[in-house]
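Please read the structure below before turning to the comments.
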There are 2 protein chains.
Amino acid sequence: MGLFTRDIKTMDDLFVHTLRDVYYAEKQLVKALPEMVEKSTDPQLKQAFQAHLGETKNHVIRLEQVFKMHGTEAKGVDCPAIDGIIEEAEEVTGEVEDKPVLNAALAAAAQAAEHYEISRYGTLVAWAKQLGRNDCARVLEQTLEEEKAADRKLTEIAEARLNLQAAS
Amino acid sequence: MGLFTRDIKTMDDLFVHTLRDVYYAEKQLVKALPEMVEKSTDPQLKQAFQAHLGETKNHVIRLEQVFKMHGTEAKGVDCPAIDGIIEEAEEVTGEVEDKPVLNAALAAAAQAAEHYEISRYGTLVAWAKQLGRNDCARVLEQTLEEEKAADRKLTEIAEARLNLQAAS
């Protein structure tokens with residue numbers, strides 16, 4: 001996007017821009033998640049991160065399907081939001097030595113990323129429907145539901161195990 | 001926080017660090033929201049932003065209460081996540097000329113910020129309870145509920161008005 005031009009002229013342009021934003025974000029998460037799998041020492045948390053890494057790779061493929069359905073080239077645009085969320089996750093988890101406290105910090109950091117995606121996919125689904133692209137909306141909705149489920153799973157693990165272990 | 005020291009030793013340290021993170025985030029939003037009020041041309045959206053600016057100022061005050069209850073100095077730490085979310089909001093909305101498309105973009109950008117806060121306050125409430133600080137949890141929970149309500153309100157306005165106007 002040009003610095004002095006205004007390249008988003010229509011709702012469809014805004015939809016494509018946001019698809020590209022989340023495409024970049026998912027790819028960054030595919031790169032970031034293996035380190036979170038590595039750092040986590042709670043077996044349930046590790047497994048949840050591992051499963052979500054698999055889902056995230058699938059989200060990238062789904063976005064490529066949506067680009068294709070829409071007739072637009074699949075490419076990313078910089079997404080300072082996800083860069084900031086990942087940077088913050090690395091900074092905070094880098095400050096923690098104690099393993100149980102680190103597990104609690106990792107789960108919380110992952111939930112910040114999940115919530116960013118929930119917000120973006122929620123918007124994309126609504127915009128796709130408004131644009132009469134129910135085909136795109138259906139694919140995006142599958143990912144939205146997986147992001148919500150991943151967030152609920154992390155809340156469950158944190159409340160049943162991680163927070164208790166970290167506080168004791 | 002030191003670059004080569006690991007300053008978060010306990011769950012309580014992690015709680016305080018995250019309080020400081022969201023304290024910084026709320027203050028950045030107090031600075032960013034007036035521009036969103038200014039840019040929005042839909043009267044319901046403008047009113048929602050204006051109301052949320054008032055709430056956000058109150059969230060800063062509530063966090064200061066929580067710091068006090070906890071016996072910790074109220075101060076912020078850099079929060080690259082909110083900086084990235086705000087930067088992205090400014091970038092995207094700067095690309096849009098058409099007023100109805102801009103309103104849809106503004107609402108979506110604000111929802112990304114809401115979701116970041118929902119994730120952080122959700123975590124803080126759970127941690128406060130785990131640490132036996134139900135007093136802090138109760139105050140944080142009030143803000144959590146307001147963030148969720150602000151997000152729902154934006155979804156409502158977007159789906160009833162903004163998306164329709166933007167796509168037509």
Here the residues within the stretch B:7-50 that are in a loop (DSSP other than H, G, I, E, B) and crowded, with 20+ Cβ neighbours inside 10 Å are B:SER40, B:ASP42
The condition from (1) under 22 Å from B:VAL92 (Cβ atoms); (2) touching a residue at least 40 places away in the same chain (Cβ under 8 Å); (3) touching a His at 6+ places or on another chain (Cβ under 6 Å) that A:ALA150 misses is numbered (1)
Every listed condition ((1) more than 7 Å from chain A (Cβ to nearest Cβ); (2) aliphatic (A, V, I, L, M); (3) more than 30 Å from A:LEU164 (Cα to Cα); (4) more than 16 Å from the chain's Cα centre (by Cα)) holds for B:ALA32 save (4)
Here the residues within the stretch B:75-97 that are touching a residue at least 40 places away in the same chain (Cβ under 8 Å), of a type outside the set (Val, Ile, Thr) and farther than 15 Å from B:ALA113 by Cα are B:LYS75, B:GLY76, B:ASP78
Checked against (1) without any contact (Cβ under 8 Å) to a residue 60 or more places away in the chain; (2) within 30 Å of B:PRO43 (Cβ to Cβ), B:THR72 satisfies every condition except (2)
Residue hits (the stretch B:139-164; buried (at least 19 other Cβ atoms within 10 Å of the Cβ) and at the interface with another protein chain (Cβ under 9 Å from one of its Cβ atoms)) are B:ASP151, B:ALA158, B:ASN163
- Message: Just to be sure before I move on: is B:SER119 at the interface with chain A (Cβ under 10 Å from one of its Cβ atoms) and either of a type in the set (A, V, I, L, M) or over 19 Å from A:ALA128 (Cβ atoms) (or both) in the structure I sent?
- Response: yes
Of the conditions (1) among the small types (Gly, Ala, Ser); (2) more than 14 Å from every other protein chain (Cβ to nearest Cβ); (3) surrounded by 14 or more Cβ atoms within 10 Å (Cβ to Cβ), the single one that A:GLY54 does not satisfy is (3)
Subset of the stretch B:74-101, residues within 7 Å of chain A (Cβ to nearest Cβ), open to solvent by less than 40 Å² (accessible area, probe 1.4 Å) and farther than 22 Å from A:ILE86 by Cα, comes to B:GLU95, B:VAL96, B:VAL101
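Report whether or not A:VAL77 is of a type outside the set (Phe, Trp, Tyr) and over 30 Å from A:SER168 (Cα atoms).
Against the criterion (of a type outside the set (Phe, Trp, Tyr) and over 30 Å from A:SER168 (Cα atoms)), A:VAL77 qualifies.
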Checked the stretch B:63-73 for anything over 12 Å from B:LYS27 (Cα atoms) and open to solvent by 20 Å² or more (accessible area, probe 1.4 Å); matches are B:GLN65, B:LYS68, B:MET69, B:HIS70, B:GLY71, B:THR72, B:GLU73
Given the condition under 30 Å from B:SER168 (Cα atoms), aromatic (Phe, Trp, Tyr) and within 13 Å of chain B (Cβ to nearest Cβ), answer yes or no: does some residue in the stretch A:6-15 qualify? yes
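If a residue must be touching a residue at least 40 places away in the same chain (Cβ under 8 Å) and either in contact with a strand residue (DSSP E or B) (Cβ under 7 Å, 6 or more places away or on another chain) or in a helix (DSSP H, G or I) (or both), how many such residues does the stretch B:109-140 contain?
Going through the stretch B:109-140 one residue at a time, the tally reaches 18.
The values are calculated or read from the model by the stated rules, or taken from the named source; none is laboratory data. Predicted model, so just to flag it, every value in this text is computed and none were measured. Cβ coordinates were reconstructed from backbone atoms using ideal geometry, including for glycine residues, and neighbour counts include every protein chain displayed. With ligands, DNA and RNA removed, areas are computed over all heavy atoms of the protein, side chains included. Shrake-Rupley method; radii C 1.70, N 1.55, O 1.52, S 1.80 Å.
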